[in-house]
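Participant: Okay, handing you the structure first.
The values are calculated or read from the model by the stated rules, or taken from the named source; none is laboratory data. All values derive from a computational prediction rather than experimental measurement. Cβ coordinates were reconstructed from backbone atoms using ideal geometry, including for glycine residues, and neighbour counts include every protein chain displayed. The accessibility values were calculated without ligands, DNA or RNA, using every heavy atom of the protein model including side chains. Shrake-Rupley method; radii C 1.70, N 1.55, O 1.52, S 1.80 Å.
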Amino acid sequence: MASASKQYYATSSLVIGYALCSSLLAVINKFAITKFNYPGLLTALQYFTSALGVWVLGKFGFLHHDPFNVETAKKFLPAAFVFFLAIFTNTNLLRHANVDTFIVFRSLTPLLVAIADTAFRKQPCPSKLTFVSLVVILGGAVGYVATDNGFTLTAYSWAFAYLVTITTEMVYIKHMVTNLGLNTWGFVFYNNLLSLMMAPLFWIITGEYADVFAALSSSSSGGDLFEPVAFSAVSLSCLFGLLISFFGFAARKAISATAFTVTGVVNKFLTVAINVLIWDKHSTPFGLLCLLMTIAGGVLYQQSVTGAVGNASNSALSKQLDTKDDKADLDEEKDETSHGS
């Protein structure tokens with residue numbers, strides 16, 4: 001009895017930790033990019049923190065990750081490149097739009113992934129319930145966009161770029177990564193390390209390096225690069241990026257795939273609530289209603305593809321995630337742990 005009680009509290013702690021990290025991360029990233037207007041450098045710092053954190057925790061025996069191998073890195077490089085683009089467009093979307101807009105476009109990905117899976121991976125067409133859920137998501141997104149008083153061409157250009165890259169990433173990684181034989185922490189390590197190596201190229205292409213050097217030379221303190229609020233926001237963003245990897249993978253091992261997926265969907269409701277309570281940059285009441293409609297469509301979608309949500313609470317504490325579920329859910333978990341992407 002005591003052992004079961006300890007397991008219950010340990011599992012609950014992991015789920016609560018993941019829920020808090022996932023719910024807060026988009027808001028924290030929005031705050032960080034507002035105070036630290038260098039998206040390329042911000043994402044590079046996040047990659048560095050996550051890669052270094054996994055390496056250090058591995059050295060101390062807290063986790064096991066696949067060691068770096070050049071041949072594996074070559075095979076993984078295309079997936080890492082798509083991952084980098086997804087995080088890069090995600091950060092720029094948060095730079096120009098509010099958190100609500102990000103969640104709406106993120107909620108559209110099941111629709112596009114379903115289409116891409118059917119068109120390119122020859123998967124079966126969605127069931128009737130799945131199709132209805134995707135229509136609900138689309139309807140909520142259209143309603144939100146039509147009433148978004150914060151609409152700008154720049155913001156929505158980044159939104160569409162993010163939508164294309166995150167959809168491509170999810171379909172491509174589902175096709176490729178599971179064949180490389182990496183464990184989950186090895187996946188995090190390779191993703192972040194290779195993305196960190198690509199960061200300088202994007203600094204040059206976007207010209208951000210010039211802005212960073214100008215900020216460093218603007219004053220003896222380095223301008224806004226080392227301003228206390230900006231430094232704290234960036235540090236918090238990097239810390240939560242690593243924490244969500246830890247809690248996300250630990251929670252996914254402790255509860256069923258269905259329970260974990262439902263937790264991820266519910267987190268979006270918490271993100272909306274937190275955003276409304278502590279951030280003044282959110283949509284109109286009707287826009288929030290449309291946003292909730294897209295999330296509700298996400299709940300219906302997850303129910304249609306993973307089974308009855310009601311069974312999740314019964315199996316959450318007893319059913320361990322098996323290898324097949326682990327591979328099938330890898331792309332969803334990876335997206336949740338990609339610094340709020």
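Participant: Show me the helices (runs of 4 or more DSSP H) entirely contained within the stretch 165-275 in which 2 or more residues are at positive phi, open to solvent by 10 Å² or more (accessible area, probe 1.4 Å) and modelled with pLDDT of 75 or more. If you could, list the steps in order and put the result at the bottom.
Facilitator: Values: elements: 184-206, 208-218, 228-254.
Where helices (runs of 4 or more DSSP H) fall fully within the stretch 165-275, none carries at least 2 residues being at positive phi, open to solvent by 10 Å² or more (accessible area, probe 1.4 Å) and modelled with pLDDT of 75 or more.
Here's the yes/no breakdown for (1) under 26 Å from GLU208 (Cβ atoms); (2) out of contact with any Gly (no Cβ under 8 Å at 6 or more places or on another chain); (3) modelled with pLDDT of 85 or more:
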{"residue": "GLU71", "(1), (2), (3)": "no, yes, yes"}
{"residue": "LEU77", "(1), (2), (3)": "yes, yes, yes"}
{"residue": "SER127", "(1), (2), (3)": "no, yes, no"}
{"residue": "PHE131", "(1), (2), (3)": "no, yes, no"}
{"residue": "THR147", "(1), (2), (3)": "no, no, no"}
{"residue": "ALA161", "(1), (2), (3)": "yes, yes, yes"}
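Participant: Go through the stretch 63-158 and tell me which helices (runs of 4 or more DSSP H), entirely inside it, have 1 or more residues that are more than 21 Å from LEU45 (Cα to Cα) and open to solvent by 60 Å² or more (accessible area, probe 1.4 Å).
Facilitator: On the way: elements: 70-96, 99-107, 109-120, 128-146.
In the stretch 63-158, 70-96, 109-120, 128-146 are the helices (runs of 4 or more DSSP H) which contain 1 or more residues that are more than 21 Å from LEU45 (Cα to Cα) and open to solvent by 60 Å² or more (accessible area, probe 1.4 Å).
Participant: Counting only residues that are open to solvent by 10 Å² or more (accessible area, probe 1.4 Å) and among the small types (Gly, Ala, Ser), how many does the stretch 18-47 have?
Facilitator: Selection size over the stretch 18-47: 2.
Participant: Within the set of pairs 6+ apart or on separate chains, which have a first residue in the stretch 276-293 that is assigned to a helix (DSSP H, G or I), a second that is surrounded by fewer than 15 Cβ atoms within 10 Å (Cβ to Cβ) and at pLDDT 80 or above, and C-beta atoms under 7 Å apart?
Facilitator: MET293/GLY139
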